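Below: the structure, in structure tokens.
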Amino acid sequence: MSKEKIILGIDPGTQIMGFGLIKVVNKKMQFMQMNELMLKKYDDPYLKLKLIFERTLELIDTYHPDEIAIEAPFYAKNVQSMLKLGRAQGVAMAAGLSREIPVTEYLPKKIKMAITGNGNSSKEQVAKMLQGMLGLKTLPKNLDSTDGLAAAVCHFYNSGRVEIGTKYTGWASFVKNNPNKLG
């Protein structure tokens, strides 16, 4: 009996949200799709968050992923940028949690390490490795979609390991693990 699951990977952003989907059949990855949500043309930051939430729900309702892997915000010199990224990540996570889909977040270095073996790889190196692994004919102009795909592939490689990142199975799990973030 074949065991099948779908993993949605998300690279959250307030300018571009990249995402990719893989199907796992009998422990082998198959590329499904990758794309990006372009948000640059919108000035209202709350509209951007609404669009991220709605697009994530649309992906969930269309592809029915079993798990979601999301890139965690990384430390940046600009605190405002970090806050915006955290909000984008939060609404994408909330969309998954609202559908009771387990969400796991990975640091960018962990994702790069899983794909290339080097936590300091460039976006281009990650994209080229994914192209080879999944047999992608072409790469997109913006590499945000390959970053989302990389999160999904990272999750596939880390599935079944004891420590795979911060995992939430629903709102109760998130609240339990983040008591200081909610008050």
Inside segment 34-45, can you point out the residues that are under 21 Å from Ala150 (Cα atoms) and either of a type in the set (D, E, K, R) or surrounded by fewer than 14 Cβ atoms within 10 Å (Cβ to Cβ) (or both)? Glu36, Met38
Is segment 17-29 home to any residue that is surrounded by fewer than 21 Cβ atoms within 10 Å (Cβ to Cβ), on the phi < 0 side of the Ramachandran plot and free of Cβ contacts under 8 Å to residues at least 12 places away in the same chain? yes
Out of (1) surrounded by fewer than 20 Cβ atoms within 10 Å (Cβ to Cβ); (2) touching a residue at least 40 places away in the same chain (Cβ under 8 Å); (3) more than 17 Å from Ala151 (Cβ to Cβ), the one Lys48 does not meet is (1)
Go through the residues of segment 111-122 one by one and say whether even a single one is without any contact (Cβ under 8 Å) to a residue 24 or more places away in the chain, open to solvent by 50 Å² or more (accessible area, probe 1.4 Å) and either within 30 Å of Asp44 (Cα to Cα) or hydroxyl-bearing (Ser, Thr, Tyr) (or both). no
In segment 53-83, which residues are surrounded by 20 or more Cβ atoms within 10 Å (Cβ to Cβ) and more than 24 Å from Lys5 (Cβ to Cβ)? Pro73
Hey, does segment 90-99 have a residue that's in contact with a Leu (Cβ under 8 Å, 6 or more places away or on another chain) and in a loop (DSSP other than H, G, I, E, B)? yes
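Kindly indicate the residue of segment 125-135 that is in contact with a helix residue (DSSP H, G or I) (Cβ under 9 Å, 6 or more places away or on another chain) and open to solvent by 20 Å² or more (accessible area, probe 1.4 Å) and also farthest from Ile7 (Cα to Cα) among those meeting that condition.
This residue is Gln125.
The values are calculated or read from the model by the stated rules, or taken from the named source; none is laboratory data. Everything numeric in this text was worked out from a predicted model, so none of it was measured. For neighbour counting, all protein chains shown are included, and Cβ atoms are generated from backbone atoms with ideal geometry for every residue, glycine included. Heads up: the accessible areas ignore ligands, DNA and RNA and are worked out on the full protein's heavy atoms, side chains in. Shrake-Rupley method; radii C 1.70, N 1.55, O 1.52, S 1.80 Å.
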